[in-house]
1. Would you mind working out the accessible area per residue for the chain, using a 1.4 Å probe, and quoting it in Å²?
2. When the chain is modelled as a GNM with alpha-carbon springs shorter than 10 Å, which of Ala97, Ala23, Ala74 fluctuates the most?
3. Near Gly54, within a Cβ-to-Cβ distance under 15 Å, what is the net charge of the other residues, with Lys and Arg +1 and Asp and Glu -1?
4. So the label point goes 7 Å from the Cα of Asn76 along Cα→C-beta, right? Which residues of the range 1-43 then have their backbone N under 20 Å from it?
5. If you place +1 on the Cβ of every Lys and Arg and -1 on the Cβ of every Asp and Glu, how big does the dipole about the Cα centre of the chain come out, in debye to the nearest 20?
6. Let me check against my output: what whole-number percent is the relative contact order of the chain, with C-alpha pairs under 8 Å and at least 6 apart?
7. Lysines near Lys86 by alpha-carbon distance under 21 Å, same-chain residues fewer than 8 away left out - which ones?
8. Can you give me the distance in nm between label points at Glu46 and Asp102, each placed 7 Å from the Cα along the Cα-to-Cβ direction?
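The values are calculated or read from the model by the stated rules, or taken from the named source; none is laboratory data. Fair warning: this is a prediction, and the values are worked out from it, not measured in the lab. Using ideal geometry, Cβ is built from the backbone for each residue, glycine included, and neighbour counts are taken over all protein chains shown. What goes into the accessible areas is simple: the full protein's heavy atoms, side chains included, and nothing from ligands, DNA or RNA. Shrake-Rupley method; radii C 1.70, N 1.55, O 1.52, S 1.80 Å.
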Amino acid sequence: QVQLVESGGGLVQPGGSLRLSCAASGRIFTIYAMGWYRQAPGKARELVAGITNGGRTNYADSVKGRFTISRDNAKNTVYLQMNSLKPEDTAVYYCNADTRGDPDESYWGQGTQVTVSS
């Protein structure tokens, strides 16, 4: 069992920055990849950024060059640094963890609202 708790969302001006955090607890040794997804009203949930336990990262084209995903293994925490935010980034952001188990499982945080508005 894995529990994920997100923090760091809020209201920010266009061009501003936010850092989202996702703290994992439980059977964290089973996690092999984590990521951030987002869902805006009327749109499908989409992968924003992902990172494997080997450090491989991938990003949605819409955020590449502006967002950075990173991990702090000592703190069991994944971060999403969001710079140069645009109104189009407004969404609920969800932390995800994929685990190896019997069977494999995906876990989700409760979501944190990010609003980019002037």
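1. Per-residue value: 53 Å².
2. Fluctuation is largest for Ala74.
3. Cβ neighbours under 15 Å give a net charge of +2.
4. 1-8, 20-36
5. Roughly 260 debye, rounded to the nearest 20.
6. Details: 284 pairs, mean separation 43.0, N = 118.
Relative contact order of the chain: 36 percent.
7. Straight-line reach from Lys86, under 21 Å: Lys43, Lys64.
8. That separation, rounded to one decimal, is 4.0 nm.
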